[in-house]
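Here's the structure, in structure tokens; my notes come after.
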Amino acid sequence: MPQTRFSRRPDTAGKLRVSFEFFPPKTDAMEARLWETVTRLAPLAPSFVSVTYGAGGSTRERTARTVKRILAETALTPAAHMTCVDATREDVDQVIGEFVAMGVKRFVALRGDPSSGVGDAYQPFPGGYANGAELVGAMRRQGDYDISVSAYPEKHPESPDFATDIDMLKRKVDNGATRAITQFFFDNDLYERYVERARRAGIYIPIVPGILPVHNFSQVANFAGRCGAHVPSWLAERFEGLENEPQIHALVASAVAAEQVLDLIERGVDDFHFYTMNRADLVFAICHMIGIRAGGEGGDRRQPAAA
Ligand code: FAD
């Protein structure tokens, strides 16, 4: 049988690190699903789990509630996302302080999208932080936290060119960012080229690939269009005709994501951030394929205390 990426278990098992991203649930049913997911993925010992953040008081409260519950009921390390949207500097500083008082030591600092919708021109809130770099500075002024920021292998749609985009990443690093997590992408060459560009610009923090398992291809294609991520035609072809075949769709999605991750491992990547969409199965399967096992080497023997 020929050797393929799938017939080899990477010899990096035990050295790989993963982190998982969740979004705060809006309903009781979504909350139950999130906690099933957290319970299933916790034994894989992620370096941290992050919780996204939205504009508007109720969304912010949901993020805070979710982070608080992770701290209270699990042994996981949460990272709180924060944005600059619709908030003054004082408001943002206060929210940072509230997370710190809860016991949060990790943040993901973002500018955010306009509350009118992705794609509209971003206007900084009067008296607010203007971008991710300024927010990193605000967090760093409050303490010695682990601060992740965004990075865009295909450049952010608002960046006129890669030089501007990389310059923004450099400003974030200069202000104290310790890690970048990328927007999702499907072409590993784009990621590799971006990392090379960043290194040439003197950026040496880890640039961790953000991996999005494709739970629903048409939704992903739609979303990718809005955030400037390219969907290659080969990917569309793999999911073609599977709209009403959820089980086959999931099998294909698992193979596609595993192939991407295994190729990145061959390129030397050893740290992955998974956009879980609050679902465990695909992420669990990919982690299993790369040798990350519950209670295994590097595995977490800690379990959520309750779920
Ligand atoms: P920034 O990096 O601050 O800016 C984006 C681009 O705008 C820059 O690259 C630059 O080209 C341009 N720009 C901004 N300011 C300037 C300036 N002063 N001068 C010149 N150019 C400038 N969104 C949420 O709402 N909540 C979340 O929890 C969330 N989590 C995310 C996690 C990750 C890992 C990623 C990759 C994205 C996330 N997003 C989230 C989406 C993010 O908010 C959007 O992509 C948003 O459009 C940009 O935010 P940013 O922090 O990347 O912006």
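The values are calculated or read from the model by the stated rules, or taken from the named source; none is laboratory data. Nothing here was measured: the structure is a model prediction, and the numbers come from that model. Because the Cβ atoms are built from the backbone with ideal geometry, glycine has one as well, and the counts that use them run over all protein chains shown. For accessibility, only protein heavy atoms count, side chains too; no ligands or nucleic acids. Shrake-Rupley method; radii C 1.70, N 1.55, O 1.52, S 1.80 Å.
At-a-glance table
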item	result
Meets criteria (in contact with a Ser or Thr (Cβ under 7 Å, 6 or more places away or on another chain), over 30 Å from residue 284 (Cβ atoms), open to solvent by less than 20 Å² (accessible area, probe 1.4 Å) and more than 9 Å from the ligand (Cβ to nearest atom)) for residue 128	yes
Enumeration of residues in segment 79-100 that are surrounded by 20 or more Cβ atoms within 10 Å (Cβ to Cβ) and either on the phi > 0 side of the Ramachandran plot or touching a Gly at 6+ places or on another chain (Cβ under 8 Å) (or both)	83, 84, 85, 87, 92
Candidates 194, 129 - the one that is farther than 16 Å from residue 81 by Cα and modelled with pLDDT of 95 or more	194
Candidate set from segment 135-166 (those that are more than 8 Å from the ligand (Cβ to nearest atom) and of a type in the set (D, E, K, R)); member that is nearest to residue 79 (Cα to Cα)	146
Test: residue in segment 112-123 that is in contact with a helix residue (DSSP H, G or I) (Cβ under 7 Å, 6 or more places away or on another chain) and more than 11 Å from the ligand (Cβ to nearest atom)	no
Residue count for segment 243-275, restricted to those that are open to solvent by 50 Å² or more (accessible area, probe 1.4 Å) and in contact with a Leu (Cβ under 6 Å, 6 or more places away or on another chain)	2
Filtered residues of segment 101-111 (kept if more than 9 Å from the ligand (Cβ to nearest atom), basic (Lys, Arg) and open to solvent by less than 70 Å² (accessible area, probe 1.4 Å))	106
Flag for residue 181 being out of contact with any Asp or Glu (no Cβ under 7 Å at 6 or more places or on another chain) and in a loop (DSSP other than H, G, I, E, B)	no
In segment 21-62, residue surrounded by the most Cβ atoms within 10 Å (Cβ to Cβ) [restricted to those that are of a type in the set (Asp, Glu) and touching a residue at least 12 places away in the same chain (Cβ under 8 Å)]	21
Considering residues of segment 1-20 that are modelled with pLDDT of 85 or more and either outside any strand (DSSP E or B) or open to solvent by less than 80 Å² (accessible area, probe 1.4 Å) (or both) only, the residue farthest from the ligand (Cβ to nearest atom)	15
Residue in segment 202-223 that is hydroxyl-bearing (Ser, Thr, Tyr) and in contact (Cβ under 8 Å) with a residue 40 or more places away in the chain present	no
Criterion: within 21 Å of residue 143 (Cα to Cα) and at pLDDT 95 or above - qualifying residue of 70, 96	96
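Condition check ((1) of a type in the set (Asp, Glu); (2) over 13 Å from residue 82 (Cα atoms)) across all residues:
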site	(1), (2)
136	no, no
141	no, yes
144	yes, yes
148	no, no
156	no, yes
161	yes, yes
